[in-house]
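Q: The structure under discussion is supplied below as structure tokens; questions concerning it will follow.
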Amino acid sequence: MWMTATPEPAVELKGIVKRFPGVVANRDVCLKVQRGHVHAVVGENGAGKSTLMKILYGMQRPDEGEIRINGAPVTFRSPSDAIAAGIGMVHQHFMLADNFTVLENVILGSEPRQAGTVIDFSAARKRIREISDAYGLGVNPDSLVESLGVGDRQRVEILKVLYRGAKILILDEPTAVLVPQEVEELFASLRGLVREGHTVLFISHKLDEVLSVADEITVIRRGTTVETVNPGQTTARRLAELMVGSELPVPELRESTVTDVVALAVEGLTVRTPEGRPIVDDVSFEIRKGEVLGIAGVEGNGQAELVEAIMGIRPAAGTIRLSDTDITGWTTRRRRVSGVGHIPEDRHRHGLLLEAPLWENRILGHQTEKPNAKGPWIDRSGARKDTARIVDEYDVRTPGIDVHASALSGGNQQKLIVGREMSGDPVVLIASHPTRGVDVGAQAAIWDHLRAARARGLAVLLISADLDELIGMSDTLKVICGGRIVRAVDPHNVTPEELGSAMTGAGGEA
Amino acid sequence: MISRFNVRSAALTLVAPVLAIVLAVGITTVVLLVSGDEPLETFGYMVDYGFQPRTMVLTLNLATTYYFSALAVAIGFRMNLFNIGVDGQYRLAALIAAAVGGAVTLPAPLHVTLTVLVAVLVGACWAGLAGLLKATRGVSEVISTIMLNVIATGLGAWLLHTDRLAVAVSGSNNIGTKPIGPSGQVPGLHLIAGTEVKVYGFVVVAALAGIGFHFMLNSTRFGFDLRATGRSESAAVASGVNVKKMIVGTMVLSGAVAGLVGMPQLLGASYSYSLDFPTGLGFTGIAIALLGRNNPLGIAFGALLWSFLTNSASILDVHQISKEIVIIMQGVIVLSVVVAYELVRRYRKSAEQRRVGQELAATAEPVKG
Amino acid sequence: MRRDQFLRLAAVVLAGALATSACGGAENTDSAKGDPSQPAKPQGAKIGLAYDIGGRGDQSFNDAAARGLDQAKTEFGATANELEASPGETEAQKEERLRLLATGGFNPVIAVGFAYSKPVAKVAQEFPNVKFALVDDEAAKGPNISNLLFAEHEGSFLVGAAAALKSKKNSIGFVGGVQVPLIAKFEAGFAAGAKHIKPDIKIQTKYLTQPPDFSGFNDPAKGKTAAEGMFDGGADVVYQAAGGSGGGVFTAAKAANAFAIGVDSDQALTADASVKDVIITSMLKKVDVAVYTFLKGFASNSVTAGSTIYDLKVGGVDYSVTGGKVDDIKAQLDELKQKIISGEIKVPDKTTG
């Protein structure tokens, strides 16, 4: 392994600046990637990671700065220049033809010719097998792509890049589409690659993964490189703080605000599939004013159906009482008007009209309420004014309230939804994954708002896959499994590990 | 900033139809060259003829009819409901309204109101059937409205018989409902100078219907729920919209407007529903609604354009130029407009995301620096 | 070229408008009658012809009108412009078609089909110097309108009688294209003729479509299905009054080894060669004769306004003998024909019940 001994880095970026009209996407970016390393680049969404990688792959040209590959300065006019220099890119969204075989996909665009005309399939097949075996990719060249799983497809993409002779691989958010098992397999493949002298640039914002696979980590924030750290000498928390440039928020509730007044009472709630199998099975609980009730559980154990039943979206047996009123037979709208707010699990499907402006999204779910409506009429100016208030109070980053919701980042969309559901003083808030897919800044803001509303007497049903959030933000914690509430856990005396095993049914009684 | 957004988006909205028309003219030119006709001359005939006062009135009159039809379709489209049944709805509505209007004599405003009301009710009920079927049994409105069209045809034929609603006209092989008396007729308007021909009085009603449509969509809770359901049914359900009620309500409204389709012709020209009452207007409405992007102003332009083209078929025929050219043009316009709108929509979406990103980054810069 | 065209058109329109306003008064009938200011010129007349839906080539009565026109064109050296209606169009569009012909200097103008009734009535008033002919309608009256009508029921009576005489199973059928009063006239005459021969004969009746669906005049598949049903139901002679759908009736008759009766033209001559032998006779509706006669009258400046009824008496309707399949009963049929002409037999023109 004499290669690792050479001081010459495989990739070196010096003082890269990239301006778009009216905005600087990258400033003073400096990055050194040692040959034979997995080098991670982390940063929040929109920090400039993608632009940087596009520059390195020849899709964008920098306005200033220098790119050196193996010590030699280069200028890329297009991705083909980058490929010629031994750089390959695996995109987040696969670019494979479904009805072609692996072999056909791999050679597409660089077909080996026999005597310049006929495609030499057997030679290609042989090389693909060689590459697959050398790096432990386990790809069969004759499989049809449409028959492959996501992890296999990703390996085909990697193989495609290697087939074209890449020595330096850029992987853009490769784990975003994978399940944990597949992530492990991917990391094994990456280790195989670096062992053979390849260099991997790994773009991600999942800090745990980065820490487990990378040899070096560079943090990028607001378009510039902040620091390069060694994973052995840092923590996920420290990385996250570097990413946001400030201290991380902690999910915690300082003093109890729980009162004696029951705001929401659910009794014997049962939801069945069309076949009659119960998905939510005889669930009962009470949430008092000022209390946050957390529901922990592995996803798909009835949480979504429970929420829909409480919101009146899905028919259910049992009774639901809001304060002292039986609302079991009420429509969704009547429940909402009576003070039940809802932060839906899937904001794109259930929380927003993506192709409608923000101020119309402010009205959604509150069509009949002030300030959105006056009698049967929509109060345009009232809604617009209140949207501006939410944008301001909840720090929704947007140039205006007339842009479509689809133009905002996920975190800003979520802040808009939270702001909307907190408006009009709800009595109960059903919050499903309120901070999922949200950057840390927005996460802190959402927690702050939840705490403040709780202090004012809001009752919250919190469903989350983030165990830290569940433990830190709940006054009471219950575990759901197979549609049943299987046990209660004291959030003050439980670790995420204990809670995790409780969710899977393992572990003793608390 | 907001106004800049709006100016851009207005400009983009115009790009698609203009592109489509340019493409249509281009393809038609090729077709004309192949068939051996002089394209410039042909377009010249169409334009010259189209801008004569008399033709302008004819265009406006036909466009009035088209407008109601497209509006009826657009109401459904806005909620992703495909009301293919406008054709059957207006035919049945016009027939029954004509029979009622012909059977009574009332003071003028009352007589007209009664006839129109009957038409609106019949149209609403007929479309409401499809709405009910979808809401209660989950039957696709596409299928049910097509079937209701066929049933309307059969029912209409049965009703339009001298034993029932029709009377024979002496000396004619035509039969129709008893003509509506002068008190039930809607007088025409002298809107265009240079011709004796009058514009249907219903043009005013059409304009009001367009304004009402815009108002309903944008200023009422019903309209908001309708648009929300059209954009994302799942989000609408979560927001508390009763989608089943909306389906029935929207179909009823669509059918009510469909009931008006036959009124300009019935109350402004023929005064009777006879064997040769115009058919197929409901399908033309679908094309025009697409052309006008379900927007009341867009539909108005679409209806005028369509009507202009339909009318210009006459002058082409006179000059021995195959009048099917017009159908080719209409077809190409619809096809290319659909494609162009989709392209513009995508472009607009990515442009907006880019713009938002840039503006946010630009404002973030001083904070950091 | 374009400019010239425009100016010409504009001038014509202007002239038309002036004429309209000048004759707008109630007393326009006198000036229009006879009209000495514009003697008809037989040589080189410009004939305008407006067809109903289908136009030239429909193998039905539009085509019959076209034959009359063609004959007149060669005989009188006239030129013609033929326009055609579109499906589902409005009266205003029909009106505009006639108006364009009139403003374009076409005279006379012939409108084929009852749907032109109101448009002709209106446009004829605007152009008192233009002669109009209207086929199949006499509701539109005017000093310059000639209504060309046919006694379809009389002709149908004869073929009804022929069907009854030829039927061995004592069962016959009638296929109508679209259920409109005009076709009901065919049915009424046919049934009366058949019952005249055999009062107990079984008659099956089927209309292919109901208005406003006029596809029944142009859908051979529907005609075939309907006729097949009748042959299966025991009929052995079927009369079709279904325009372009008639071909299907003939095909079905051929397959069932039965007989069929044609309509409008002598279909033993015009139908597809493979089915000619099943057509025992046709009810001739001589639209061509009517159109030709009108044009001839125009050429000799002797056009009369008002209705001309083309009935059995003047040979406007008749039955055909091509193929010799009714030679054996010709004497009987001719006797019936004479009785109708003399008025001894009154043929109903409406179906009962």
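Quick note: the coordinates plus some simple rules give every number you see, no bench work behind them. Bear in mind the structure is a predicted one, so any value in this text is a computation, not a measurement. FYI the Cβ positions are ideal-geometry reconstructions off the backbone, even for glycines, and counts take in every protein chain you see.
Q: Taking N as the number of residues in segment A:103-210, what value does Rg over Cα atoms divided by 2.2 N^0.38 Å take?
A: 1.11
Q: Between B:F215 and B:L14, what is the label-point separation in nm under the 7 Å Cα-to-beta-carbon projection?
A: Between B:L14 and B:F215, the simple spin-label model gives 2.8 nm.
Q: Once you charge only the Cβ atoms, +1 for Lys and Arg and -1 for Asp and Glu, what is the size of the charge dipole of the protein assembly as shown about its Cα centre, to the nearest 20 debye?
A: In debye, rounded to 20, the protein assembly as shown gives about 1680.
Q: For segment B:261-332 and segment C:315-343, write down the distance between their C-alpha centroids in whole Å.
A: Here the two parts' Cα centres lie 48 Å apart.
Q: Follow-up question, since we're still on this one. Using the alpha carbon gyration tensor of chain A, what are the three equivalent-ellipsoid semi-axes (square root of 5 times each eigenvalue), largest first, in whole Å?
A: Semi-axes, largest first: 47, 26, 23 Å.
Q: Still on this structure, I have one more. Count the DSSP beta bridges whose two residues both fall in the protein assembly as shown, then state the antiparallel fraction as a percent rounded to the nearest 5. Walk me through the intermediate numbers first.
A: Values: 56 of 133 bridges.
Within the protein assembly as shown, antiparallel bridges account for around 40 percent of the total.
Q: What list of ³J(HN,Hα) couplings, whole Hz, do you get for segment B:239-251 from phi and the Karplus terms 6.51, -1.76, 1.60, once you set θ to phi - 60° and write x for glycine and proline?
A: For segment B:239-251, the Karplus-derived couplings read 7, x, 6, 8, 5, 4, 4, 5, 4, 5, x, 5, 5 Hz, x marking Gly and Pro.
Q: Out of every Cα pair in segment A:12-109, what percent are spaced more than 17 Å from each other?
A: 58 percent
Q: I've got another one for you. Treating only the Cα positions of segment A:348-424 as identical point scatterers, give the base-10 log of I(q)/I(0) from the Debye formula at each q in 0.11, 0.12 Å⁻¹.
A: -0.22, -0.27
Q: As an exercise, use a Förster radius of 56 Å and the Cβ-Cβ distance of A:E252 and A:R195 to find the FRET efficiency, rounded to the nearest 0.05.
A: Efficiency, rounded to the nearest 0.05: 0.80.
Q: Right, next: Kirkwood-based Rg over Rh for segment B:48-95 (C-alpha set), two decimals?
A: Over the Cα atoms of segment B:48-95, Rg/Rh equals 1.15.
Q: Something else about it: How far apart, in nanometres, would the label points at A:D260 and A:S284 be if each is projected 7 angstrom from Cα along the Cα-to-Cβ direction?
A: Here the modelled spin labels are 2.1 nm apart.
Q: Have a look at segment A:2-244 and give its Rg and Dmax from the Cα atoms, expressed in angstrom.
A: Radius of gyration, then largest Cα-Cα span, for segment A:2-244: 18.0, 58 Å.
Q: Another question, if that's okay. Treat the count of other C-beta atoms within 10 Å as a stand-in for reagent exposure and order C:D219, A:D379, A:D326 from fewest to most.
A: Going from sparsest to densest Cβ surroundings: A:D326, A:D379, C:D219.
Q: Hey, what did segment A:348-424 get for relative contact order, percent, Cα under 8 Å, at least 6 apart?
A: 34 percent
Q: Tell me, what is the FRET efficiency for A:D346 and B:D163 to the nearest 0.05, using R0 = 56 angstrom and their Cβ-Cβ distance as r?
A: Once the sixth-power term is evaluated, E becomes 0.40.
Q: Please list, ordered by chain and number, the residues whose modelled amide H lies under 5 Å from the amide H of A:G294; skip anything fewer than 5 residues away on the same chain.
A: For A:G294, whose amide H was placed from the backbone, the distant partners under 5 Å are A:L462, A:D475, A:T476, A:L477, A:K478.
Q: Roughly speaking, what is the stretch gain from C:K168 to C:D200, that is 0.36 nm per residue apart minus the C-alpha to C-alpha distance, in nm to one decimal? Before the final figure, lay out the partial values.
A: Details: separation 32, 0.36 × 32 = 11.52 nm, distance 1.32 nm.
Result for the pair: 10.2 nm of gain on full extension.
Q: When only Cα pairs under 8 Å and 6 or more residues apart are kept, what is the percent relative contact order across chain A? Intermediate results must be reported in sequence, preceding the final value.
A: Values: 1011 pairs, mean separation 71.6, N = 510.
It comes to 14 percent, rounded to a whole number.
Q: For segment A:2-244, what is the percent of antiparallel DSSP beta bridges, rounded to the nearest 5?
A: On the way: 23 of 41 bridges.
The antiparallel proportion sits near 55 percent.
Q: Cα-based Rg (one decimal) and Dmax (whole number) for the protein assembly as shown, in Å?
A: Final numbers for Rg and Dmax: 40.1, 125 Å.
Q: Over the Cα atoms of segment A:391-510, what radius of gyration and what Dmax do you get, in Å?
A: Just the Cα atoms of segment A:391-510 yield Rg and Dmax of 16.2, 53 Å.
Q: So, one more: Using the Cα centre as the reference, give the magnitude of the dipole from point charges on the C-beta atoms of chain A (Lys, Arg: +1; Asp, Glu: -1; all else neutral), rounded to the nearest 20 debye.
A: Working: 58 positive and 68 negative charges, 281 e Å.
Magnitude of the dipole: close to 1360 debye.
Q: Here is a follow-up. Once you have the Kirkwood Rh of chain C from its Cα pairs, apply Stokes-Einstein at 10 °C and 1.306 mPa s and quote D in µm²/s.
A: Once the numbers are plugged in, D ends up at 75 µm²/s.
Q: Sort out for me the Cα centre separation of segment A:68-89 from segment A:395-437, rounded to whole Å.
A: What the calculation gives is 42 Å, centre to centre.
Q: Same structure again: Whole number please: convex hull volume per residue, Cα atoms of segment A:62-122, in Å³.
A: Considering the Cα atoms of segment A:62-122, their hull volume per residue is 148 Å³.
Q: Let me ask something else. Please give the per residue volume of the convex hull enclosing the alpha carbon atoms of segment B:205-293, rounded to a whole number of Å³.
A: Once divided by residue count, the hull of segment B:205-293 is 114 Å³.
Q: How much length is gained on full extension from B:S350 to B:S170, taking 0.36 nm per residue of separation minus their Cα-Cα distance?
A: 58.2 nm
Q: Same structure again: Sequence-distant or interchain residues sharing an amide H contact under 5 Å with A:G341, placed H: which?
A: Under 5 Å from the amide H of A:G341: A:V427, A:V428, A:L429, A:I430.
Q: Can you figure out the FRET efficiency of B:V30 with B:Q320, using R₀ = 25 Å and their beta-carbon distance, to the nearest 0.05?
A: 0.80
Q: Moving to a separate point now. What's the extension gain from A:R484 to A:E184 if we count 0.36 nm per residue and subtract their Cα-Cα distance?
A: Extending this stretch completely gives an extra 104.8 nm.
Q: Please rank C:M230, A:M89, fewest neighbouring Cβ atoms within 10 Å first, as an exposure proxy.
A: A:M89, C:M230
Q: Got the relative contact order for segment B:133-207 handy, in percent, Cα pairs under 8 Å and 6 or more residues apart?
A: 13 percent
Q: To continue, here is another question. Which residue, A:L408, A:H433, A:V494, has the largest displacement toward the positive end of the dipole of segment A:400-496 when charges sit on each Cβ (Lys, Arg +1; Asp, Glu -1)?
A: In segment A:400-496, that residue is A:V494.
Q: Now a separate question. Helix-derived [θ] at 222 nm for chain C: sum -39500 (n - 2.57) over DSSP H runs of at least 4, divide by residue count, nearest 500?
A: For chain C, the value works out to -13500 deg cm²/dmol.
Q: Also, quick follow-up: With equal scatterers on the alpha carbons only and no solvent term, can you work out the Debye log10 of I(q)/I(0) for chain B at 0.13, 0.14 1/Å?
A: Treating every Cα as an identical point scatterer, log10 I(q)/I(0) equals -1.12, -1.25.
Q: At 222 nm, what value in deg cm²/dmol follows for chain B if DSSP H runs of at least 4 each add -39500 (n - 2.57) and the sum is divided by all its residues, to the nearest 500?
A: My calculation for chain B gives -25000 deg cm²/dmol from helical runs alone.
Q: Between B:H190 and A:V150, what is the spin-label point distance in nm, taking each point 7 Å from the Cα along the Cα→C-beta axis?
A: Distance between the two pseudo-spin positions: 7.3 nm.
Q: Here is a further query. For chain A, what is the mean residue ellipticity at 222 nm derived from helices alone (per DSSP H run of n ≥ 4: -39500 (n - 2.57); sum divided by total residues; nearest 500 deg cm²/dmol)?
A: On the way: 16 runs with 159 residues, N = 510.
Value at 222 nm, helices only: -9000 deg cm²/dmol.
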